[in-house]
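All remarks here apply to the structure that follows.
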Amino acid sequence: MNSFNNNNIQKIFITGEKKLTGNINISGAKNAALPLMALSLLINKDFNLYNIPDLADTRLMSNLLIDLGIEINWQKGNLNFNGKPKKDEASYELVRQMRASILVLGPLLASKGSAKVPLPGGCAIGSRPIDLHVMVMEALGANIIFDSGFIIASLGNDGLKGAVIDFPLVSVGATESAIMTAVLAQGQTKILNAAREPEVTDLANCLNKAGADIKGIGTDILIINGVKELHKVSHSVVSDRIEAGSFAIASSITMGNIEINNINPKDLTEFINVLKLTGTKIEISDNSMKVSCSNRPKPYSVVTNPYPGFPTDLQAQYMALMAIADGTTLIKETIFENRFMHVPELMRMGAKIFTNHQEAEIYGVKKLKGAKVMASDLRASMCLILGALAADGTSEIDGLYHLDRGYENLEDKLTNLGAIIKRSN
């Protein structure tokens, strides 16, 4: 179990230059678990989810749903949900802590006919506007007003009606909102420019198992024929491709040899191709991959893009690897406008990086040095841990709240691979 209490005053200490070797089992994906948990607002009886990671964010979502009236029995990664939402207003105290809580807006509206959700909080990596979520609700027949920091959604006598939703840009969260809200709408909904991420596919597959009618899963055009109700279902959450990618980089950056299990390598195709081009050796099986490296990485420039492109959620971690590459790398971030906040902290470790708006130029150094650093967001925290694993000396990493939002039992997993890592107050 992760230590969520007082983690704002905890630090992680890592002594670097240890080759990581051994096996690692990857947890369920946080980014798949959160929308799936929100389905409990629509599936009112005996809904089971397996492979849920025990994280600050999944605990927050659980508390948010309990506050709305859902009964949840949580046992070692398996969640059983029962009951209907008893109220239509989501708790400000809970929503302000996590961006993903906007995902309850659509299911609450579909279930109760009205919803009042505070504007969400979370990582400060960019504006991540909720206007696309609002666009979805309005297209499906909701009346939306903003009042005192709340989004207030209501339906007329006709309820939710199918519609054409054409996204101006690819948004994972808004696509998930559209799917969850449209499954119980009258008639057909067509979603154009839909996100194709494995987490979106996982959500749609679970809904179809529960009796929804969603076609085009895995493509950028989804056709949803509304159904009257959803029935009980059991579903196992897809594994976390971002955690898998992070551990692959941990193997490369420490010149280690790690077997990464419980994954779908197809979800990481572009990332794996890039990592191979840096000189890392990767052997792929059906649900695992062996990642090993014996030389300093070769530079290889990347541009982040929506799936199936290079994931923005692995950009910071990849930058840590390129910080010790034998040459110069260019990284262009196209998804979030504020996603280089790890750069000044990585530079404390001796990295040589120049940023210009959405581009970072990384001049590889032979070695990073241990330093005191502060994590600014979830993926930045992993970037700094990866840098520390390769650095000469001991690093002290602060801001662990972010880390505990997205990586389950990280210290235990790294310790089992041979890292010297400890958490203390």
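The values are calculated or read from the model by the stated rules, or taken from the named source; none is laboratory data. Because the structure is predicted, anything quoted here is derived from the model rather than measured. When we count neighbours, we look across all protein chains shown, and the Cβ atoms used for this are built from the backbone with ideal geometry, even at glycine.
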Check: Under 8 Å by Cβ, and 6 or more places apart or on different chains, what pairs join a residue from segment 365-389 that is in contact (Cβ under 8 Å) with a residue 24 or more places away in the chain with one that is surrounded by fewer than 20 Cβ atoms within 10 Å (Cβ to Cβ) and in a helix (DSSP H, G or I)?
Finding: ALA371/ARG348; LYS372/ARG348; VAL373/ARG348
Next item on the list: Take LYS298 and decide whether it is among the basic types (Lys, Arg) and more than 25 Å from ASN25 (Cα to Cα).
Entry: yes
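I'm trying to understand the selection: among the residues of segment 181-206, which are hydroxyl-bearing (Ser, Thr, Tyr) and crowded, with 24+ Cβ neighbours inside 10 Å? Steps first, please.
Here is the first cut: in segment 181-206, the residues hydroxyl-bearing (Ser, Thr, Tyr) are 181, 189, 201.
Listed by number, the residues that qualify are THR181, THR189.
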Note to self: On the basis of being touching a Ser or Thr at 6+ places or on another chain (Cβ under 8 Å), among the aliphatic types (A, V, I, L, M) and not in a helix (DSSP H, G or I), does ILE191 make the cut?
What the structure shows: yes
Next item on the list: Mind listing whichever residues of segment 149-180 are surrounded by fewer than 19 Cβ atoms within 10 Å (Cβ to Cβ), outside any loop (DSSP other than H, G, I, E, B) and not hydrophobic (A, V, I, L, M, F, W, C)?
Entry: SER154, LYS161, ASP166
Note to self: Every residue in segment 45-83 that is within 17 Å of GLY211 (Cβ to Cβ) and touching a residue at least 60 places away in the same chain (Cβ under 8 Å), please.
What the structure shows: LYS45, ASP46, PHE47, ASN48, LEU49
Next item on the list: Return yes or no: is ILE102 touching a Pro at 6+ places or on another chain (Cβ under 9 Å), β-branched (Val, Ile, Thr), part of a helix (DSSP H, G or I) and touching a residue at least 40 places away in the same chain (Cβ under 8 Å)?
Entry: yes
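Restricting segment 238-258 to residues that are hydrophobic (A, V, I, L, M, F, W, C) and touching a Ser or Thr at 6+ places or on another chain (Cβ under 9 Å), which is nearest to LEU79 (Cα to Cα)?
VAL238
Residues are listed down the side, and each one gets a yes or a no for (1) closer than 19 Å to ASN31 by Cα; (2) more than 17 Å from the chain's Cα centre (by Cα); (3) in contact (Cβ under 8 Å) with a residue 60 or more places away in the chain:
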residue: ALA163; (1), (2), (3): no, yes, no
residue: GLY173; (1), (2), (3): yes, no, yes
residue: ALA178; (1), (2), (3): yes, yes, yes
residue: ASP202; (1), (2), (3): yes, no, yes
residue: LEU230; (1), (2), (3): no, yes, yes
residue: ILE258; (1), (2), (3): no, yes, yes
Notebook entry, point to check: Among ALA250, ALA323, ALA316, which is of a type in the set (Gly, Ala, Ser), closer than 21 Å to GLY22 by Cα and not assigned by TED's automatic domain parsing to the domain that holds LEU169?
Noted result: ALA250
